[in-house]
Amino acid sequence: MVVVGVSGAMWGSVAVTSRAYDRLMAQIASTAAELSERLTAVAEAIEDLSFEILREAAADGAERPDADRVLVRARRSVDKAAMLLSGLASAQE
């Protein structure tokens, strides 16, 4: 089995030409960028919810709720995923 072109690749028993590989990588970059944007919006929504929980706790004179800690961890994870996908999209351009 021969891979055609310098930027070609081989997956299993499928040879991909340079042009097909470039199209595939462009599609992956586009999808990664879209997912990164969507994850950024999710992270912002989590952050808004976290602030609301903190405002309510402060108004009630309560300590920081455990739910806020969970939301902060979730937001960081989503931010990390968005950053990784953004990097993948940038690397393919």
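The values are calculated or read from the model by the stated rules, or taken from the named source; none is laboratory data. A quick note: this is a predicted structure, and the numbers were derived from the prediction, not measured. Counting neighbours? That spans all protein chains shown, and the Cβs are built from the backbone with ideal geometry, glycine included.
Some points to look at:
- Any hit, the range 70-85, residues being touching a residue at least 60 places away in the same chain (Cβ under 8 Å), within 22 Å of MET25 (Cβ to Cβ) and either of a type in the set (Lys, Arg) or in a helix (DSSP H, G or I) (or both): no
- Per this entry, ALA29 is not counted among residues that are of a type in the set (Gly, Ala, Ser) and modelled with pLDDT of 95 or more.
- Residues of the range 38-69 satisfying the condition of being free of Cβ contacts under 8 Å to residues at least 12 places away in the same chain and within 21 Å of GLN27 (Cα to Cα): ARG38
- Meets criteria (assigned to a helix (DSSP H, G or I), surrounded by 14 or more Cβ atoms within 10 Å (Cβ to Cβ) and small (Gly, Ala, Ser)) for ALA59: no
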